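Colleague: Structure below; questions to follow.
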Amino acid sequence: MAKYVEPAEPVEPPVTLHIGFLLMPEYTLSTFTNAIGMLRLANRLSGSPLYRWSVFSIDGEPVVSSAGLEVKVDGGLVDAGPMTILMVCGGYRIKNYSSKLVIDTLRGLAKKKVVLGAMCTGSYVLAAAGLLDGYRFTIHWEHLASMREEFPNHNITSSLFVIDRDRYTCSGGISSIDLMLNLISSIHGHQLVQDISDQFTCDRVRTEKDAQRAPLKYLIGASQPRLVDAVTLMESNIEEPLTLDEVAEYVGISRRQLERLFNRYLHCAPSRYYLELRLSRARLLLLQTSIPVIDVAISCGFSTAPHFSKCYSDLYGKAPSNERRMLA
């Protein structure tokens, strides 16, 4: 007589997570495609449809990236069906494209409990919609200064990416890889992420604690901690610049030693390095905000508009007012 065998419990197929991508005009193509690449590999290596994705524009028309490539979309965001997560993919001139329709649509999705995220400058759109109030988030380092000027009460970090409850943001570039791999790991485990990393020849999955930019100590070596400390002081004191004597005193060396370190490792005088740091910050504020020129000058440590204009013209070949006029 055949032995009775208890029938096996039916195995439920894995739940498929639906991720939408909203492509803003002039979005960063590589950041977007890297994110989708991680989801595709997760499906392939697991042998299951763990993820599916849809690509949207606001009006359903194809979108041209900052690289000039046009991508066909699945439809307009206003007509999109249910999804678990929506990622806003930003790029150049994001402020110009943050229309009332975009903001109202995102607010509507938030009311429906859709998890929202952003890549590169997409965080600006979520912040403008009031959807990052009370959240930690990040944005590409070029936009940190202007974001902090426009949203002074927001918790904006310089992290590579940030996952804060139901908000996922990354700074752009290849950071979308790290964001997606951390998301996959939290849902489907570390082993799948390890398999994806091996397939993608990615030697390390970075975390939220990793910085967007390589610290100076990695560029010049760890043997010059006082030089690193001096540059860090300068970067932290843009609006009220320190004197070189103060910088030298803070890092525990003489002014002459400070000048030798800058000339040897950074190939310029410390005063010149400090000035260019402040002018670089000023240029970002001019190009990304509508702050009056005199206010930009003051926020970058210049006491008078004529002095600021001369220094700016010497470095960039045009006056601050002309720079902004050309952008317009």
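Colleague: What list of ³J(HN,Hα) couplings, whole Hz, do you get for the stretch 278-292 from phi and the Karplus terms 6.51, -1.76, 1.60, once you set θ to phi - 60° and write x for glycine and proline?
Modeller: Karplus-based 3J(HN,Hα) across the stretch 278-292 equals 5, 5, 5, 4, 4, 5, 4, 5, 5, 7, 10, 9, 10, 4, x Hz.
Colleague: Kirkwood hydrodynamic radius for the stretch 216-327: how many Å is it when counted over pairs of different Cα atoms?
Modeller: Averaging 1/r across every pair of different Cα atoms and inverting gives 14.9 Å.
Colleague: Quick check: the distance between the Cα centres of the stretch 10-63 and the stretch 102-172, to the nearest angstrom?
Modeller: Going from one Cα centre to the other spans 20 Å.
Colleague: Starting from the Cα of LYS113, step 7 Å along the direction of its Cβ; do the same at TYR92; then give the gap between the two resulting points in nm.
Modeller: In this crude label model, LYS113 to TYR92 measures out at 4.1 nm.
Colleague: Now for a separate question. If you take every residue apart from SER197 with its C-beta less than 13 Å away from the C-beta of SER197, what net charge results, scoring Lys and Arg +1 and Asp and Glu -1?
Modeller: In short, -2.
Colleague: Where in the stretch 223-328 are there GluC sites (Glu not before Pro) that are in a DSSP coil and have at most 16 other Cβ atoms within 10 angstrom of their Cβ?
Modeller: Qualifying residues, ordered by number: GLU239.
Colleague: Taking 7 Å along the Cα-to-C-beta vector as the label spot, tell me the ARG325-ASN153 distance in nanometres, rounded to one decimal.
Modeller: 3.7
Colleague: Oh, and also: Rounded to the nearest 20 debye, what is the charge dipole size of the stretch 116-175 about its Cα centre when +1 sits on each Lys and Arg Cβ and -1 on each Asp and Glu Cβ?
Modeller: Working: 4 positive and 6 negative charges, 29 e Å.
My answer is approximately 140 debye.
Colleague: Now for a separate question. In what order do MET87, MET234 fall by count of nearby beta-carbon atoms within 10 Å, going from fewest to most?
Modeller: By the 10 Å Cβ count, ascending: MET234, MET87.
Colleague: Around LEU22, which amide H atoms from residues at least 5 apart in sequence, or from another chain, sit under 5 Å from its own amide H, with H modelled in the peptide plane?
Modeller: Hits under the 5 Å cutoff: PHE56, MET87, VAL88, CYS89.
Colleague: Could you list the trypsin sites (Lys or Arg not before Pro) in the stretch 145-205 that lie in coil according to DSSP, counting only those with at most 12 other Cβ atoms within 10 Å of their Cβ?
Modeller: The qualifying sites are ARG165, ARG204.
Colleague: Where Lys and Arg each count +1 and Asp and Glu each count -1, what net charge lies around PRO82 among other residues with Cβ under 11 Å from its Cβ?
Modeller: In short, +2.
Colleague: Using the Cα centre of the chain as the reference point, and only Cβ charges (+1 on K/R, -1 on D/E), how large is the resulting charge dipole? Debye, rounded to the nearest 20.
Modeller: That gives the chain a dipole magnitude of about 440 debye.
Colleague: Can you give me the distance in nm between label points at THR304 and ILE36, each placed 7 Å from the Cα along the Cα-to-Cβ direction?
Modeller: 5.6
Colleague: I've got another one for you. Once the other residues with Cβ under 10 Å from the Cβ of VAL162 are scored (Lys, Arg +1; Asp, Glu -1), what is the net sum?
Modeller: 0
Colleague: Full extension from ARG260 to ASP203: what is 0.36 nm times the residue separation minus their Cα-Cα distance, to one decimal in nm?
Modeller: 16.8 nm
Values in this text are rule-based calculations from the coordinates and carry no lab data. Keep in mind that what you see is a predicted model, and the values were worked out from it rather than measured. Because the Cβ atoms are built from the backbone with ideal geometry, glycine has one as well, and the counts that use them run over all protein chains shown.
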